[in-house]
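Read-outs: derived from the displayed coordinates by stated rules, not from any lab. Remember, it's a predicted structure, so these values are computed and weren't measured experimentally. Here the Cβ is made from the backbone with ideal geometry for all residues, glycine too, and neighbour counts use every protein chain on show.
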Amino acid sequence: MNLYDSLPDAAATVFGAEAVAEHAYDLLTVDVPVGSWIAALEIARDKLGCTYFDWLSAVDEPGTGFRICAHVVSLENHRVRRLLLRTTVPHSAPSLPSAVAVYAGAEWHERETFEMFGVVFTDHPHLVPLLLPENFEGHPLRKDFVLAARVAKAWPGAKEPGEAHDPDAPKRRQMLPPGVPDPNDWGPLKGQLPPAPARPARTARAPREGAPVRRTRSVTEGSATQSAEAEAAAPRPARRTRSVSEGSASQAVPAAEPETEAAAPRPARRTRSVSEGSASQAVPAAEPGAEPEAPRPDSQAVPSAEPEAEADEARPRRTVAPGRRPAPRSADAPWHNPQPAFADRDPEPEPEREPEREPKTGPGDTPEPEPEPDNGGDA
């Protein structure tokens, strides 16, 4: 078993009592004190097999210091095991021993960290600037570093819309971007600018004469139009307490007045089944003085002796509107017998042509002579 697999639980045993380790986002991180920095790098190389040096840099933590980070990797048995070693140096004395003796690839990384953060690595063989010009002052990656371009150039948004077209219009207070000091305190115009005028504090305006007093009612009390006097003048009707089965108040039977006749009750809803059809398809009752309807032609058929046929004849026949064919009798609804929208119709028969009649010749009629064939003029 590799010693790397015992971390982070065995961090105090491997790196010392003051070491703190955690495993998050597939990365093992170990924090050690400044005095154990070089010893922690040697343990990572010799005991954990982290022979591959990846990078070294720093992070400016305001109020804490500069956190130096070194990322090393173990590639034993074709398995990648990553380790991030960290230590913190104070802002007042940013100094740390060089790791070049343990990992030779840390030389350029320490030069960059010294140039961007100002951390001094002791025992470094050639600690000189790497990226910035020789006359550059300051460390750009520190949080307190001021960008000169932000001070020398006007900050975007310092003018109101339309301010350039009206030079006499009042200007708003000049804005400074976050982290940029006053140009009179830092930069090429240091000490040459007048102090910025103090902005007077805002005071409450006196109410105008005749202006309405602003409301002091809370949200729960409502507005002034919802006062108790208005509610007492026009009380709201009580809300309905009827259930769904009872129906709404508009569906209730109105009480009959003593002098008026009672309203006619509504007819009961139909209880007919689908096979019986609707009420409009029932046989209308014959009037008292009307003659009985003549029997239909199909009623003269030979009656069947089967009881089912007699029961069928005893059923009332449905009336059919003139010009429409009766619906087929079925125990189900009529729409369950669909008809194709474009049914194949029988072709209409063509009218028969009358045969040509030969002319009749009488006794006194002489038949017309047939024309002689033309032989080309030969006699």
Cα-based Rg then Dmax for segment 86-153, in Å, read 13.5, 46
Sparse-neighbourhood loop hits (GluC sites (Glu not before Pro), segment 1-45; DSSP loop; Cβ within 10 Å at most 13 others) -> GLU18
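Taking K and R as +1 and D and E as -1, what net charge do the other residues with C-beta under 15 Å from the C-beta of HIS124 add up to? Intermediate values should be presented prior to the final figure.
On the way: positive: ARG111; negative: GLU107, GLU110, GLU112, GLU115, ASP123.
Taking every Cβ under 15 Å from that of HIS124, the sum is -4.
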Mean separation of Cα contacts under 8 Å (at least 6 apart) over the residue count of segment 1-78, i.e. the relative contact order in percent, is 21
Here segment 97-105 yields Karplus 3J(HN,Hα) values (6.51, -1.76, 1.60; θ = phi - 60°; whole Hz; Gly and Pro given as x) of x, 6, 9, 5, 5, 8, 10, 5, x
Within segment 1-100, DSSP-loop trypsin sites (Lys or Arg not before Pro) with at most 15 other C-beta atoms within 10 Å are LYS47, ARG79
A correct Karplus calculation of ³J(HN,Hα) over segment 106-123, with 6.51 cos²θ - 1.76 cosθ + 1.60, θ = phi - 60°, whole Hz and x for Gly and Pro, returns 7, 5, 5, 5, 5, 5, 5, 5, 5, 6, 8, 10, x, 8, 8, 9, 6, 6
